[in-house]
Each structure stands twice: as C-alpha cells, then as structure tokens.
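Read through the structure below, which is laid out as structure tokens, and then see the notes.
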Amino acid sequence: MKKFYSPEIETASRGEIEKIQSERLVRQVRHVYDNVELYRNRMDEAGVKPEDIKSLDDLTKLPFTSKQDLRDTYPYGMFAVPMEDVTRIHASSGTTGKQIVVGYTDNDLDMWATCCARQLTAVGVTKKDKVHVCYGYGLFTGGLGLHDGSHKLGCVTIPASAGNTARQLTIMTDFGSTVLGCTPSYAMYLGESAAKAGIDTSKLPLRVGIFGAEPWTEEMRQKIEESLNIKAYDIYGLTEICGPGVAYECTEQKGMHVNEDYFIIEIIDPETGEHVKDGEKGEIVFTCIKKEAFPLIRFRTKDIGVITHEKCSCGRTFVRMSKPMGRVDDMLIVRGVNLFPSQIEAVLLKEGHSPNYQIVVDRQGSLDQIEVRIEMEDEQFLDTTSKITKTEKELQEKFKSALGIKPKVRLVAPNSIPRSEGKAVRVVDKRHVYGN
Ligand code: ADP
Ligand code: ZN
C-alpha cells in the first residue's frame, strides 16, 4: 500500500530538518541565480553570491520577493527551467490585481501531490475513501491540487469541480462521497442546502472535510461539522508556492504543519522585515527549496499568521502555523482601527447569527463608514420591524465591545447576499471609487 506518512521526515528532530533545509537551500539559491534574471540582479545588487549561502543561517542575507515582482515578470520571467521541461501551468485568480502565472515540472507536480497526500493521510483518509473534489478545476490550483493528492494516495477521486449545488448533493448522496474538499464558505452553503433539501447528513457516509483557500473561523468549523456531520480540517496554500498543501492540519486541529522538507517558513514584521518570535503575529514568508520550475525565494505572502515549534501531540515535528488571520492587504483600516473580516465573522457566529454576511466600507466626507449586512434566518425574517431594529442595535454593541468600532448593522432578507462557489466576497470597499 502506498504510504504518505513518512515519520523519518515528519517527525524528524529540528536538527535533522534544518540539515535537509540547509542542503536544499544552498542548491536552490545556485539554481535561481543561474536561471532567473531577477534573482541574479537582486542578489548582485545586495552583494550576495550563491557561495555566500552555506546553510539555513544565511537565509536572511537573501532579498525578499513580492507579488509585484511576479507581475513585473509576467508571464514567464520567473521560470527557472526551459519551457520544454514545464508540464503544467496554473494561475492565481487575480482577485487582487493582474493574474500570476506559475509553472511546474513533473517533479514539482509529484512533490505537490505528496503534500496533499500527506494532508489526507494526516486526517485518516486512506485509499478506501471516495474524495469528492468540489474546489474549482482549471487554472485555479484548488481542484487539481487536491485531485492529484487523492489520486496519489489511491483514493476514488470524484472530480466534481465547483458549482451546481443540487448536483453536488446528488453526487454526495448517490456516489457515497466520504471526503469533501471545497472552500469553507461553500461547505457552509452545502450544509444549508442539504438541510433545505431534507437530506439527513448523519445518514451519509461523508466523514471528513478538507477546507481552505480562504480565511475561516473556529466557529465556522463548528457549524460545518454539525451541518455536514463530519470532521472539518484546514488546508493552506497559495498558487505562488504550489497551491493547496503547503501546510496541513492533522487530527489534533491545532494548527497546520508546514511541509518543511519542501518549504521554509519565516514570520516577519511587515514594517522592518525582521523575524518575530514564535507565537507573535507577522507576515508569512516562504522559500521553496525543492521546486524546479517556479522556485520563489523569501516570498512575502501578505498573509498574517503565527507559528509554533512546540511538538504536536500527533507526533509530527514540522512547525505549525495558525490559520492565517487575514491578509496584510485585505486588512481593513476603518477610522484607524485595523480590522479583519474574520473578526466580524467570529462575533456573528458567537451571537448565533448567520455566517452569510458582507462588509461594506464607504466614505462620507472624510469619515469612513462601515456597514455589516447579515442575512436573517427564515424565522427571524418574520419578526416585527421593531424586533429587528432591536437585534441590530444589540449586535452593534457586541461589535463595539469586541472590536472597538461601532459599525452600522443591517439585517437583510434570507438569501439576499450573493453566494460564491469559490471564495466568498466578504468586503465591498467603495472607498476605492474615490481614488483612495
Ligand atoms: P489569489 O491570491 O488569487 O486569491 P490563491 O488562490 O493562490 O490566489 O490564494 C491564496 C491565498 O488564499 C493565501 O495567500 C491565503 O490568503 C488564502 N488562503 C489559502 N488557504 C487558506 C486557509 N486555509 N485559511 C485562510 N486563508 C487561506
Ligand atoms: Zn499534528
């Protein structure tokens, strides 16, 4: 049977992991210096030669890479192998600007599939499982990433792709999916839709969910676990680094193990670029030490997170990262208060409200206005206007005490906030209209 738990690597001592990382880093730096003009120029400007990088300790001598660098070299400027060695291309969704194109060699695809197979294995999935992939297929990495991991493990892979909720529920019921992969917001929606369709999820064989590609909260996890009657696990990744599987949760559900034999993670202060300590929040930075076609060095993800080197009770020693708490660039600054959509969501779920919400930020005169729109549940929709107004006021106070700001709160009709089959659109920032 194929095995994707490798204790010799996943439970190696820190010294052993650092030894692997050091060797691979030295080789990788030579590879990018020789093959990618941007890296050669950057290193020359910084006065660093490949031979100066002798171990992991020298990592901080290397310059950072930013998303802007990838845009500037669009489409193929960061590829480090000849095009004839590239066997796959993916692209990021382009939600935050011009899309980014990334490439993979056969070895890269194999490594990526191993990352996803490790995730599945870590949460108890075996080749006996039926893995229903409803992340979108196509240039987006979610679909094919999990697909390849499931295939590598030898599971029955169901390549449903995203969309058509009624059909997804039919597949889930009739084909007997045991594992579901999609965005957490879509998992919520599938749960709601199953209930509406009168499907008793406790009677289905579905038992595990692999959810990622967007921020979600512990409260949301709980809702999904209840509505779909499963255990829900987090998976993290980004197109620039490979796609899903850069980090994976184990059955402990206490942070995601980074595949450290393939990626080095750093947490930096976004202002100074200096490392912060374990347990302190900062920007997540990755270096790909095994990839061939598109190996980024010290890539600033703009995701905010925390890491810990404490040993996990599952026995794995790979460093764990928290759920990202938002992106540096979708952090809302409203009247000087830093705010992440996930904080709003946590309050809503704690107070028993629907997780279908949207945050609208606008500017009146020179003042930022923030409005949180929350869908009512069907029963609530029948409440009197005065009761609804009262609920809105109460929620406003809850936001004030939890977040230090008092947004406008508006309860809206059920199903009036657009659903997304991929990543949910949580923030509508109208301030950009005025050129900010
Ligand atoms: P795009 O930047 O176009 O949205 P990706 O699809 O590659 O491209 O998205 C990667 C981003 O998605 C990450 O940088 C992170 O912000 C978010 N993300 C991925 N997985 C998770 C997760 N498990 N939890 C929170 N955010 C995630
Ligand atoms: Zn663990």
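Since every read-out is calculated from the coordinates, none of them should be taken as a lab result. Note that the structure is predicted; figures quoted are calculated from it, not measured. Using ideal geometry, Cβ is built from the backbone for each residue, glycine included, and neighbour counts are taken over all protein chains shown.
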Study note, to complete from the structure: Most packed first (mean Cβ within 10 Å per residue), the peptides 291-300, 417-426 order as 291-300, 417-426
Exercise for review: Please report the relative contact order for the chain, taking Cα pairs under 8 Å with a sequence separation of at least 6, and give it as a percent rounded to a whole number.
Suggested key: 13
Study note, to complete from the structure: Rounded to whole angstrom, the alpha-carbon centroid of region 1-63 lies from that of region 220-243 at a distance of 30
**Study point:** DSSP bridge pairs, region 332-429: antiparallel proportion in percent, nearest 5
**Key:** 60
**Study point:** Peptides 176-185, 260-269 ordered by average Cβ neighbours within 10 Å, highest first
**Key:** 176-185, 260-269
**Study point:** Per DSSP, loop trypsin sites (Lys or Arg not before Pro) in region 1-31 with at most 14 further Cβ within 10 Å
**Key:** LYS2, LYS3
Exercise for review: Output the antiparallel fraction of DSSP beta bridges having both residues in the chain, as a percent to the nearest 5.
Suggested key: 60
Revision key, fill the gap. Ranking ILE230, TYR74, ALA247 by how far each Cα lies towards the positive end of the charge dipole of the chain (+1 on Lys and Arg Cβ, -1 on Asp and Glu Cβ), the top one is ILE230
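For a quick protection proxy, order the peptides 316-326, 276-286, 112-122, 378-388 by their average other-Cβ count within 10 Å, most packed first.
Descending packing order for the listed peptides: 112-122, 316-326, 276-286, 378-388.
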Exercise for review: For n ≥ 4 DSSP H runs only, could you compute -39500 (n - 2.57) per run for the chain, divide by its residues and tell me the 222 nm figure to the nearest 500?
Suggested key: -9500 deg cm²/dmol
Practice item. Using amide H atoms built 1.01 Å from N in the peptide plane, name the residues 5+ places from VAL427, or on other chains, whose amide H lies under 5 Å from its own. Key: ILE359
Check your understanding: Classify the chain: rounded, prolate or oblate, from the alpha-carbon gyration tensor (a ≥ b ≥ c, eigenvalue square roots; a/c under 1.5 rounded; otherwise prolate if a/b is larger than b/c)?
Key -> oblate
Point to revise | Listed pairs LYS67/LYS291; LYS223/LYS423; LYS67/LYS277; LYS408/LYS430; LYS19/LYS290; LYS400/LYS423 exceeding 22 Å between Cα atoms | key: LYS67/LYS277; LYS400/LYS423
Review point. For region 332-429, what does the equivalent ellipsoid look like in terms of its semi-axes, each the square root of 5 times an eigenvalue of the Cα gyration tensor, given largest first in whole Å?
Key: 21, 17, 13
Study note, to complete from the structure: Eigenvalues of the alpha-carbon gyration tensor of region 200-323, times 5 and square-rooted, give semi-axes in Å, largest first, of 28, 16, 14
